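Encoded as C-alpha coordinates, the structure appears first; notes follow it.
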Amino acid sequence: MPELRRDPLTGRWVSYAPERAKRPVEMGERAPPLVDDPSRCPFCPGKEHMLMPATIVLTRSGSGLRFSREEGDERVKDWIVKIIPNLYPAFTVNDTMRINEEVKEVSGHHEVMIDTPQHDADPWKMTVDQIYLSLLTVRERLKELESYQYVKFAGFGKNHGPNSGGSLRHPHTHVFATPIIPEIIEVEAKRLRREECLLCDWVGEVSGPRGIISTENFMAICPWASREPYEILIAPKDHLRRFIDLDDQRLMELSSILSTIYKALNMVLDNPSFNLILHTAAKDVGDFHWHFELIPRILMPMVVDIGIGIHVNTVYPEEAAEDLRSAIEKL
(Lines give C-alpha, C1' and ligand atoms only; values in the text may rest on other atoms or scores of the structure.)
Protein backbone atom coordinates (compact mmCIF):
# COMPACT_ATOMS: atom_id res chain seq x y z
CA MET A 1 0.00 0.00 0.00
CA PRO A 2 1.20 3.58 -0.61
CA GLU A 3 3.33 5.39 1.97
CA LEU A 4 3.39 9.16 2.45
CA ARG A 5 6.67 10.90 3.27
CA ARG A 6 7.40 14.58 3.78
CA ASP A 7 10.67 16.09 2.63
CA PRO A 8 12.26 17.72 5.70
CA LEU A 9 14.26 20.08 3.46
CA THR A 10 11.44 21.55 1.36
CA GLY A 11 8.24 20.43 3.10
CA ARG A 12 7.03 18.70 -0.09
CA TRP A 13 4.87 15.58 0.22
CA VAL A 14 5.61 12.38 -1.72
CA SER A 15 3.41 9.30 -2.03
CA TYR A 16 5.32 6.06 -2.62
CA ALA A 17 3.16 3.76 -4.73
CA PRO A 18 5.29 0.97 -6.29
CA GLU A 19 2.18 -0.75 -7.68
CA ARG A 20 1.69 2.14 -10.11
CA ALA A 21 4.77 0.97 -12.01
CA LYS A 22 2.68 -1.99 -13.22
CA ARG A 23 -0.07 0.10 -14.83
CA PRO A 24 -0.44 -0.11 -18.65
CA VAL A 25 0.91 2.74 -20.76
CA GLU A 26 -0.56 3.37 -24.21
CA MET A 27 0.38 6.98 -24.89
CA GLY A 28 3.78 6.32 -26.48
CA GLU A 29 6.72 8.71 -26.18
CA ARG A 30 6.44 11.63 -23.77
CA ALA A 31 8.59 13.96 -25.84
CA PRO A 32 9.80 14.24 -29.45
CA PRO A 33 13.27 12.84 -30.17
CA LEU A 34 16.24 15.16 -29.87
CA VAL A 35 18.05 16.63 -32.85
CA ASP A 36 20.82 14.04 -33.27
CA ASP A 37 22.44 15.00 -36.56
CA PRO A 38 25.92 16.57 -36.24
CA SER A 39 25.51 18.16 -39.68
CA ARG A 40 22.54 20.15 -38.33
CA CYS A 41 23.82 20.70 -34.79
CA PRO A 42 24.77 24.34 -34.11
CA PHE A 43 26.95 23.32 -31.15
CA CYS A 44 29.36 21.16 -33.16
CA PRO A 45 32.82 22.48 -34.18
CA GLY A 46 32.76 24.30 -37.49
CA LYS A 47 29.38 25.89 -36.76
CA GLU A 48 30.76 28.72 -34.61
CA HIS A 49 29.51 31.33 -37.10
CA MET A 50 25.92 30.23 -36.36
CA LEU A 51 26.24 31.23 -32.71
CA MET A 52 26.39 34.52 -30.85
CA PRO A 53 29.78 35.59 -29.41
CA ALA A 54 30.70 33.47 -26.39
CA THR A 55 30.73 35.14 -22.99
CA ILE A 56 33.53 32.77 -21.98
CA VAL A 57 35.67 30.27 -23.90
CA LEU A 58 38.10 27.72 -22.47
CA THR A 59 41.12 26.82 -24.61
CA ARG A 60 44.53 25.26 -24.05
CA SER A 61 47.50 27.61 -23.90
CA GLY A 62 50.84 25.83 -23.90
CA SER A 63 50.69 23.40 -21.00
CA GLY A 64 47.89 25.30 -19.28
CA LEU A 65 44.34 26.54 -19.78
CA ARG A 66 43.07 29.97 -20.80
CA PHE A 67 39.72 31.75 -20.53
CA SER A 68 38.80 34.36 -23.12
CA ARG A 69 35.74 36.11 -24.55
CA GLU A 70 34.56 36.40 -28.14
CA GLU A 71 33.83 39.84 -29.56
CA GLY A 72 32.03 40.90 -32.73
CA ASP A 73 32.60 38.46 -35.60
CA GLU A 74 35.60 36.88 -33.89
CA ARG A 75 35.15 33.16 -33.13
CA VAL A 76 37.53 30.81 -31.33
CA LYS A 77 38.00 27.57 -33.29
CA ASP A 78 39.97 25.33 -30.91
CA TRP A 79 37.62 25.63 -27.94
CA ILE A 80 37.24 23.00 -25.20
CA VAL A 81 34.19 24.46 -23.46
CA LYS A 82 32.27 27.63 -24.28
CA ILE A 83 29.28 29.54 -22.91
CA ILE A 84 27.05 31.50 -25.29
CA PRO A 85 23.90 33.63 -24.91
CA ASN A 86 20.73 31.54 -25.20
CA LEU A 87 18.81 32.27 -28.40
CA TYR A 88 15.56 31.64 -26.51
CA PRO A 89 16.24 33.17 -23.09
CA ALA A 90 14.06 33.05 -20.01
CA PHE A 91 15.90 36.11 -18.63
CA THR A 92 17.45 39.09 -20.43
CA VAL A 93 19.01 42.44 -19.55
CA ASN A 94 15.76 44.18 -20.58
CA ASP A 95 13.16 42.35 -18.50
CA THR A 96 10.25 43.79 -16.56
CA MET A 97 8.97 42.64 -13.20
CA ARG A 98 5.34 43.13 -12.19
CA ILE A 99 4.19 42.82 -8.58
CA ASN A 100 0.50 43.69 -8.33
CA GLU A 101 0.32 47.10 -10.03
CA GLU A 102 4.02 47.94 -9.66
CA VAL A 103 6.16 47.49 -12.76
CA LYS A 104 9.92 48.00 -12.90
CA GLU A 105 12.82 47.15 -15.19
CA VAL A 106 15.11 44.30 -14.11
CA SER A 107 18.02 42.45 -15.67
CA GLY A 108 19.07 38.83 -15.85
CA HIS A 109 21.04 36.41 -18.00
CA HIS A 110 20.29 33.06 -19.63
CA GLU A 111 23.17 31.33 -21.38
CA VAL A 112 24.10 27.88 -22.67
CA MET A 113 27.34 26.08 -21.92
CA ILE A 114 28.48 23.69 -24.64
CA ASP A 115 30.09 21.09 -22.40
CA THR A 116 32.39 19.54 -25.02
CA PRO A 117 32.98 19.70 -28.79
CA GLN A 118 31.98 16.00 -29.02
CA HIS A 119 28.38 15.70 -30.27
CA ASP A 120 27.58 12.25 -28.89
CA ALA A 121 29.35 12.55 -25.51
CA ASP A 122 26.49 11.37 -23.31
CA PRO A 123 27.23 12.05 -19.62
CA TRP A 124 28.33 8.45 -18.94
CA LYS A 125 30.70 8.62 -21.91
CA MET A 126 32.44 11.81 -20.78
CA THR A 127 35.79 11.44 -19.05
CA VAL A 128 36.37 12.82 -15.57
CA ASP A 129 38.62 15.45 -17.16
CA GLN A 130 35.87 16.55 -19.57
CA ILE A 131 33.41 16.94 -16.70
CA TYR A 132 36.03 18.84 -14.69
CA LEU A 133 36.71 21.30 -17.53
CA SER A 134 33.00 22.04 -17.91
CA LEU A 135 32.63 22.63 -14.15
CA LEU A 136 35.76 24.80 -14.19
CA THR A 137 34.25 26.94 -16.95
CA VAL A 138 30.83 27.33 -15.38
CA ARG A 139 32.43 28.18 -12.03
CA GLU A 140 34.36 30.99 -13.70
CA ARG A 141 31.26 32.34 -15.46
CA LEU A 142 29.13 32.19 -12.29
CA LYS A 143 31.75 34.24 -10.45
CA GLU A 144 31.46 36.93 -13.12
CA LEU A 145 27.65 36.87 -13.12
CA GLU A 146 27.55 37.18 -9.33
CA SER A 147 29.72 40.30 -9.56
CA TYR A 148 26.93 42.17 -11.36
CA GLN A 149 25.06 44.37 -8.92
CA TYR A 150 21.61 43.53 -10.32
CA VAL A 151 22.08 39.75 -10.04
CA LYS A 152 20.70 38.13 -6.89
CA PHE A 153 21.13 34.48 -7.83
CA ALA A 154 23.36 32.67 -10.32
CA GLY A 155 23.27 28.95 -11.02
CA PHE A 156 23.09 26.26 -13.67
CA GLY A 157 21.11 23.21 -14.69
CA LYS A 158 21.94 20.40 -17.10
CA ASN A 159 19.43 18.78 -19.45
CA HIS A 160 19.95 15.31 -20.85
CA GLY A 161 17.46 13.45 -22.99
CA PRO A 162 14.11 14.32 -24.58
CA ASN A 163 12.13 14.24 -21.32
CA SER A 164 14.49 16.68 -19.60
CA GLY A 165 13.37 19.67 -21.63
CA GLY A 166 16.35 19.48 -23.98
CA SER A 167 16.02 19.77 -27.76
CA LEU A 168 19.59 18.90 -28.83
CA ARG A 169 21.62 15.81 -28.04
CA HIS A 170 24.93 17.68 -28.01
CA PRO A 171 25.92 17.94 -24.31
CA HIS A 172 24.95 21.33 -22.93
CA THR A 173 24.05 23.10 -19.70
CA HIS A 174 21.86 26.12 -18.99
CA VAL A 175 23.52 28.95 -17.05
CA PHE A 176 21.32 31.64 -15.56
CA ALA A 177 21.41 34.73 -13.38
CA THR A 178 18.21 36.21 -11.98
CA PRO A 179 17.19 39.53 -10.41
CA ILE A 180 15.20 37.64 -7.78
CA ILE A 181 15.99 34.89 -5.27
CA PRO A 182 14.24 31.65 -6.32
CA GLU A 183 11.63 30.55 -3.79
CA ILE A 184 13.18 27.09 -3.40
CA ILE A 185 16.49 28.67 -2.32
CA GLU A 186 14.70 30.78 0.30
CA VAL A 187 12.79 27.73 1.59
CA GLU A 188 15.88 25.53 1.79
CA ALA A 189 17.97 28.27 3.41
CA LYS A 190 15.74 28.10 6.50
CA ARG A 191 16.74 24.45 7.00
CA LEU A 192 20.37 24.74 5.97
CA ARG A 193 21.72 27.12 8.61
CA ARG A 194 25.04 26.00 10.03
CA GLU A 195 23.88 25.08 13.55
CA GLU A 196 20.80 23.17 12.34
CA CYS A 197 21.73 22.10 8.81
CA LEU A 198 19.89 19.07 7.48
CA LEU A 199 22.59 18.26 4.94
CA CYS A 200 25.25 18.24 7.65
CA ASP A 201 23.05 15.75 9.50
CA TRP A 202 22.69 13.64 6.36
CA VAL A 203 26.48 13.20 6.15
CA GLY A 204 26.05 10.68 8.98
CA GLU A 205 23.43 8.80 6.95
CA VAL A 206 25.53 8.22 3.83
CA SER A 207 26.62 4.84 5.21
CA GLY A 208 22.97 3.85 5.67
CA PRO A 209 20.44 2.32 3.25
CA ARG A 210 20.01 5.54 1.20
CA GLY A 211 23.71 6.25 0.76
CA ILE A 212 25.35 5.87 -2.65
CA ILE A 213 28.86 7.35 -2.54
CA SER A 214 31.04 8.76 0.23
CA THR A 215 34.44 10.33 -0.51
CA GLU A 216 36.74 12.55 1.51
CA ASN A 217 34.81 15.73 0.74
CA PHE A 218 31.48 14.73 -0.84
CA MET A 219 28.47 12.49 -0.41
CA ALA A 220 25.72 11.24 -2.70
CA ILE A 221 22.44 9.99 -1.26
CA CYS A 222 18.88 9.22 -2.36
CA PRO A 223 16.74 11.72 -0.42
CA TRP A 224 14.23 10.44 2.16
CA ALA A 225 11.32 11.84 0.14
CA SER A 226 12.59 11.59 -3.46
CA ARG A 227 10.11 13.00 -5.96
CA GLU A 228 11.27 10.79 -8.83
CA PRO A 229 12.69 7.27 -9.03
CA TYR A 230 16.47 7.29 -8.50
CA GLU A 231 16.63 10.96 -7.54
CA ILE A 232 20.06 11.77 -6.09
CA LEU A 233 21.37 14.57 -3.87
CA ILE A 234 25.09 15.35 -4.11
CA ALA A 235 26.65 17.70 -1.55
CA PRO A 236 29.94 18.60 0.09
CA LYS A 237 30.41 17.12 3.54
CA ASP A 238 31.66 20.46 4.84
CA HIS A 239 29.12 23.24 5.34
CA LEU A 240 29.96 25.26 2.21
CA ARG A 241 27.71 28.14 1.20
CA ARG A 242 28.52 28.47 -2.52
CA PHE A 243 29.56 26.18 -5.34
CA ILE A 244 31.87 28.85 -6.77
CA ASP A 245 34.04 28.66 -3.64
CA LEU A 246 35.21 25.12 -4.47
CA ASP A 247 38.94 24.89 -5.14
CA ASP A 248 40.29 22.99 -8.15
CA GLN A 249 41.14 19.87 -6.16
CA ARG A 250 37.62 19.48 -4.82
CA LEU A 251 36.20 20.30 -8.23
CA MET A 252 38.13 17.34 -9.66
CA GLU A 253 36.84 15.10 -6.85
CA LEU A 254 33.30 16.23 -7.60
CA SER A 255 33.84 15.50 -11.30
CA SER A 256 34.87 11.94 -10.47
CA ILE A 257 31.72 11.45 -8.38
CA LEU A 258 29.49 12.77 -11.17
CA SER A 259 31.19 10.47 -13.67
CA THR A 260 30.54 7.46 -11.43
CA ILE A 261 26.91 8.42 -10.86
CA TYR A 262 26.25 8.99 -14.55
CA LYS A 263 27.63 5.54 -15.39
CA ALA A 264 25.62 3.87 -12.63
CA LEU A 265 22.41 5.58 -13.78
CA ASN A 266 23.02 4.39 -17.31
CA MET A 267 23.53 0.82 -16.12
CA VAL A 268 20.35 0.84 -14.02
CA LEU A 269 18.02 2.90 -16.23
CA ASP A 270 19.51 2.60 -19.75
CA ASN A 271 20.17 6.14 -20.93
CA PRO A 272 17.55 8.00 -18.86
CA SER A 273 16.56 11.60 -19.38
CA PHE A 274 17.56 13.67 -16.35
CA ASN A 275 18.18 17.15 -14.98
CA LEU A 276 21.16 18.11 -12.82
CA ILE A 277 20.38 21.32 -10.93
CA LEU A 278 22.63 23.44 -8.71
CA HIS A 279 21.20 24.83 -5.47
CA THR A 280 23.65 27.41 -4.12
CA ALA A 281 23.42 30.48 -1.91
CA ALA A 282 21.93 33.65 -3.33
CA LYS A 283 23.67 36.95 -2.61
CA ASP A 284 21.29 37.93 0.18
CA VAL A 285 21.25 34.45 1.74
CA GLY A 286 23.90 34.55 4.44
CA ASP A 287 24.04 30.84 5.25
CA PHE A 288 23.44 27.79 3.08
CA HIS A 289 24.77 24.33 2.22
CA TRP A 290 25.09 24.08 -1.55
CA HIS A 291 24.14 20.86 -3.33
CA PHE A 292 23.13 19.26 -6.61
CA GLU A 293 19.79 17.63 -7.29
CA LEU A 294 19.94 14.96 -9.99
CA ILE A 295 16.41 14.11 -11.09
CA PRO A 296 15.78 11.34 -13.63
CA ARG A 297 12.73 12.09 -15.80
CA ILE A 298 11.07 8.68 -15.89
CA LEU A 299 7.48 9.18 -14.74
CA MET A 300 4.77 11.20 -16.43
CA PRO A 301 3.32 13.95 -14.18
CA MET A 302 0.09 12.93 -12.44
CA VAL A 303 -3.00 14.91 -11.63
CA VAL A 304 -2.20 14.84 -7.89
CA ASP A 305 1.26 16.20 -8.65
CA ILE A 306 0.09 18.95 -10.99
CA GLY A 307 -3.14 19.70 -9.15
CA ILE A 308 -2.33 19.49 -5.44
CA GLY A 309 1.45 19.27 -5.31
CA ILE A 310 1.83 15.72 -3.98
CA HIS A 311 4.50 13.88 -5.94
CA VAL A 312 3.98 10.19 -6.71
CA ASN A 313 7.07 7.96 -6.83
CA THR A 314 7.13 4.27 -7.74
CA VAL A 315 10.59 3.44 -6.32
CA TYR A 316 11.57 3.83 -2.67
CA PRO A 317 14.89 5.66 -2.21
CA GLU A 318 16.30 2.75 -0.21
CA GLU A 319 15.69 0.44 -3.19
CA ALA A 320 17.07 2.99 -5.66
CA ALA A 321 20.25 3.47 -3.61
CA GLU A 322 20.78 -0.29 -3.40
CA ASP A 323 20.47 -0.60 -7.19
CA LEU A 324 22.93 2.26 -7.73
CA ARG A 325 25.45 0.88 -5.24
CA SER A 326 25.29 -2.50 -6.97
CA ALA A 327 25.90 -0.84 -10.33
CA ILE A 328 28.89 1.10 -8.97
CA GLU A 329 30.45 -2.12 -7.68
CA LYS A 330 30.41 -3.43 -11.27
CA LEU A 331 32.11 -0.39 -12.80
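Worth pointing out:
- Any pair with Cβ under 6 angstrom, 6 or more apart, that starts in the range 169-195 at a residue that is among the small types (Gly, Ala, Ser) and ends at one that is not in a loop (DSSP other than H, G, I, E, B): Ala177/His109; Ala177/Leu145; Ala177/Ala154
- Condition broken by Thr137, with the remaining ones in (1) at pLDDT 95 or above; (2) farther than 19 Å from Ile80 by Cβ satisfied: (2)
- Just one residue in the set Leu34, Leu65, Leu58 is modelled with pLDDT under 90, farther than 30 Å from Glu105 by Cα and surrounded by 14 or more Cβ atoms within 10 Å (Cβ to Cβ); that residue is Leu34.
- Candidates in the range 97-119 are the residues that are among the acidic types (Asp, Glu) and without any contact (Cβ under 8 Å) to a residue 60 or more places away in the chain; of these, the one that is farthest from His172 (Cα to Cα) is Glu101.
- Residue match in the range 288-295 (condition: in a helix (DSSP H, G or I) and either closer than 23 Å to Val151 by Cα or not basic (Lys, Arg) (or both)): no
- Out of Ile234, Ile244, Ile212, sole residue that is farther than 26 Å from Gly286 by Cα and either not β-branched (Val, Ile, Thr) or not in a loop (DSSP other than H, G, I, E, B) (or both): Ile212
- Selection over the range 132-165 of residues that are in a helix (DSSP H, G or I), touching a residue at least 40 places away in the same chain (Cβ under 8 Å) and not β-branched (Val, Ile, Thr) gives a count of 15.
- For the range 259-277, a residue qualifies if it is outside any loop (DSSP other than H, G, I, E, B), surrounded by 20 or more Cβ atoms within 10 Å (Cβ to Cβ) and in contact with a Gly (Cβ under 9 Å, 6 or more places away or on another chain), and the qualifying residues are Phe274, Asn275, Leu276.
- In the range 1-30, residue nearest to Glu319 (Cα to Cα) [restricted to those that are modelled with pLDDT of 95 or more and part of a loop (DSSP other than H, G, I, E, B)]: Asp7
- Residue in the range 40-54 that is touching a helix residue (DSSP H, G or I) at 6+ places or on another chain (Cβ under 6 Å), assigned to a loop (DSSP other than H, G, I, E, B), surrounded by fewer than 17 Cβ atoms within 10 Å (Cβ to Cβ) and modelled with pLDDT of 85 or more present: yes
- Residues of the range 93-116 classified as part of a loop (DSSP other than H, G, I, E, B) and out of contact with any Phe, Trp or Tyr (no Cβ under 7 Å at 6 or more places or on another chain), total: 6
- Test: residue in the range 207-214 that is under 18 Å from Arg242 (Cβ atoms), surrounded by 14 or more Cβ atoms within 10 Å (Cβ to Cβ) and among the small types (Gly, Ala, Ser): no
- Scanning the range 55-76 for residues that are of a type in the set (A, V, I, L, M, F, W, C) and assigned to a loop (DSSP other than H, G, I, E, B) turns up just one, Val76.
- Search result, residues across the range 56-82 that are in contact with a helix residue (DSSP H, G or I) (Cβ under 6 Å, 6 or more places away or on another chain) and closer than 12 Å to Pro117 by Cα: Leu58, Ile80, Val81
The values are calculated or read from the model by the stated rules, or taken from the named source; none is laboratory data. As the structure is a computational prediction, the values presented were derived from the model and not from experiment. So basically every Cβ, Gly included, is an ideal-geometry build from the backbone, and we count neighbours across all protein chains shown.
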